[in-house]
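The structure appears below as structure tokens.
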Amino acid sequence: MNNNQQKDMRYPSIDELGDKTSSKYRLVMAVAKRAIEIDENHTTFLEQPTNKKSIGIALEEIYLDKVIVK
């Protein structure tokens, strides 16, 4: 994957997060909830997030086990 493709795609992808929970529905709901929290509080658990948008930051936090999906 070249650099332009990575900018156009969400990192990490939903498929890469499959082992974080048994349900994609729970994963999507957790990402949405965390993204809203990031938008409201302007805080993240990451020192230097790769993504700029809250949804991408939420995905990164879950991927890096900074946020646990129950």
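The values are calculated or read from the model by the stated rules, or taken from the named source; none is laboratory data. Here the structure is a predicted model, which is why all the values come from computation and not from measurement. Cβ placement follows ideal geometry from the backbone for every residue including glycine, while neighbour counts extend to all protein chains displayed. Remember, those area values only see protein heavy atoms, side chains included, never the ligands or the DNA or RNA. Shrake-Rupley method; radii C 1.70, N 1.55, O 1.52, S 1.80 Å.
Solvent-accessible area assigned to carbon and sulfur over the chain amounts to 50 percent, based on a 1.4 Å probe.
For the chain, the gyration tensor built on C-alpha atoms gives an oblate shape. Its axis ratio a/c (a ≥ b ≥ c) is at least 1.5, and a/b is not larger than b/c.
Converting phi to 3J(HN,Hα) with the Karplus coefficients 6.51, -1.76 and 1.60 and the offset θ = phi - 60°, the stretch 65-70 yields 6, 7, 10, 9, 8, 8 Hz in sequence order, with x at every glycine or proline.
Largest GNM mean-square fluctuation among Leu46, Leu27, Leu59, using the chain with Cα springs under 10 Å: Leu46. Once the 1.4 Å probe is applied to the protein heavy atoms, the chain comes out at 75 Å² accessible per residue. The count of lysine pairs in the chain with alpha-carbon distances below 15 Å, taking only pairs 8 or more places apart or on different chains, stands at 9. Take the Cβ atoms of Val28 and Lys52, set R0 to 30 Å, and the FRET efficiency comes out at 0.90.
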